[in-house]
Amino acid sequence: MRVLPLPDGHPVTDAASWTTALGVVLARYEGVRGTVLAALLPDAGTGAEHVALVPVVADGENTLGAADKELRAHLAAGPARYTGELRDALTAAGADPAGAAAVGLVLADRDPAAALPGAESAEYRPFQRPPFPVTVTVDRDPAGGRLLRCDFSPRTLSGDIADRLLRHVRDAHRTLAEAP
């Protein structure tokens, strides 16, 4: 596990902004125009969390703001739950369903009064095993400071790469929030 504290002045935004930032960083790492990542999101109707597959377009010709608008439009239409039907559809389309949820995002907040947008209020997010092979979590430390955490297996990712991933996600998120 690696942790990157966010500075006090880092913008507070919602789950969609963090999802856009992570997706754009991953697409750039993979050298593709877009990627699909997994996110643990609350259901609009019940509030219960579910795993959703979220496409993020990272076309170099568009801004982070354009990628964020496209992601929000997709989420407004209803995120694709990671179900057997979706796995079958991904397989039929030639995609690797196991790889589609290799990296995921979780938002948690220990301080309900601070109201981190899009985060589930939780004193502790227990992972007997992180929900995704590489799990990036937007969270708070016990003192209330915001942080990014990356849970991973050393067989999947090196600590140095996890540190770099967190820095790049932080920087992409700041850019999206301040100058989309």
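The values are calculated or read from the model by the stated rules, or taken from the named source; none is laboratory data. Keep in mind that this is a model prediction, so the values were computed, not measured. Ideal geometry is used to build each Cβ from the backbone, glycine not excepted, and the neighbour counts take in all protein chains shown.
Each residue in segment 137-163 was checked for being among the aliphatic types (A, V, I, L, M) and in a loop (DSSP other than H, G, I, E, B), and 2 of them qualify.
Take the residues in segment 125-166 that are of a type in the set (D, E, K, R) and under 14 Å from the mean Cα position of the chain (by Cα), then tell me which one is modelled with the lowest pLDDT.
Kept after step one, since they are of a type in the set (D, E, K, R), are these residues of segment 125-166: 125, 129, 139-141, 146, 149, 151, 155, 160, 163-164.
With under 14 Å from the mean Cα position of the chain (by Cα) added as a condition, the list becomes 139, 149, 151.
Details: D139: 86, R149: 92, D151: 89.
Of everything passing the filter in segment 125-166, D139 is modelled with the lowest pLDDT.
Test R110 against the criterion of being charged (D, E, K, R), surrounded by 13 or more Cβ atoms within 10 Å (Cβ to Cβ) and at pLDDT below 60, and give yes or no. Judged against the criteria, R110 is a match.
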